[in-house]
Amino acid sequence: MSQLVLFAIDICAVALLVFGLYFPRHRRRDLVVAYLGVNVGVLAVASALSASDVGAGLGLGLALFGVLSIIRLRSTELDQHEVAYYFSALALGILGALSTTSVWLSGGLMALIVAVMFVGDHRRMLRHYRHQIMVLDSAVTDQVALVAHLEQLLNARVHTATVQRLDMVNETTVVDVRYSVAGRSGAAGAAKPARAGAVR
């Protein structure tokens, strides 16, 4: 009976994670299917293994290896927060399948995962910090001048600026910029349109 309760808690938790947090915030439909499939798949496999002679640790290890392979061999780009949702869905499925003497403990851990994702992925969490890869229409070799130029373009404070490619022939600079804006999020869009566009 307690196992069925854990199954129900897991389904509610992953539904809240996917439909209450991820999709309203990021609107990527294909990953909704992926998160639900990972959660229910791990739940089913781990539950079957816990009732058989095969070690549950081996089964969970194989499940984790499979998810890591999916993430590593993906054909489309995933952001780090989307990878975090993958592991949250995986962890919820594992907690729902493990036999435990305390349903409240497993349920509490599931609630903790959802709560951490709610806070960590909230739009107000470190909302002034941004990350862009920018292509500049000039070849800038001086780091101080590069930072000053980026701060002028972005109207923000640049924390790190890492040059990824410097083309002296075509006079372009590809730079990874981590910066923070002091005001509204719209201030980040103050970049001048002269080939200083962000590709990410």
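The values are calculated or read from the model by the stated rules, or taken from the named source; none is laboratory data. As the structure is a prediction and not an experimental result, all values here were calculated from the model. Cβ: placed from backbone, ideal geometry, glycine included. Neighbour counts: every protein chain shown. With ligands, DNA and RNA removed, areas are computed over all heavy atoms of the protein, side chains included. Shrake-Rupley method; radii C 1.70, N 1.55, O 1.52, S 1.80 Å.
Some values worked out for this structure:
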read-out	value
Residue satisfying all of: in the stretch 131-158; in a strand (DSSP E or B) and hydrophobic (A, V, I, L, M, F, W, C); nearest to V181 (Cα to Cα) among these	V158
Pair list, Cβ < 6 Å and 6+ apart or interchain, from the stretch 1-12 residues that are in the same structural domain as G41 (by the TED database) to residues that are of a type in the set (S, T, Y)	L6/S106
Single match in V103, V140, V116, V163 (criterion: open to solvent by less than 90 Å² (accessible area, probe 1.4 Å), farther than 23 Å from A34 by Cβ and in the same structural domain as V33 (by the TED database))	V103
Residue that is modelled with the lowest pLDDT, among those in the stretch 99-122 that are touching a helix residue (DSSP H, G or I) at 6+ places or on another chain (Cβ under 7 Å) and either under 30 Å from M168 (Cβ atoms) or assigned to a loop (DSSP other than H, G, I, E, B) (or both)	T100
Residue ID - surrounded by the fewest Cβ atoms within 10 Å (Cβ to Cβ), chosen from residues in the stretch 31-48 that are within 18 Å of the chain's Cα centre (by Cα) and in contact (Cβ under 8 Å) with a residue 24 or more places away in the chain	L36
Every pair of residues 6+ apart whose Cβ atoms lie under 8 Å, when the first sits in the stretch 123-136 and is touching a residue at least 24 places away in the same chain (Cβ under 8 Å) while the second is polar (S, T, N, Q) and surrounded by 13 or more Cβ atoms within 10 Å (Cβ to Cβ)	H128/S180; Y129/S180; R130/S180; V135/T172; V135/T173; L136/T172; L136/T173
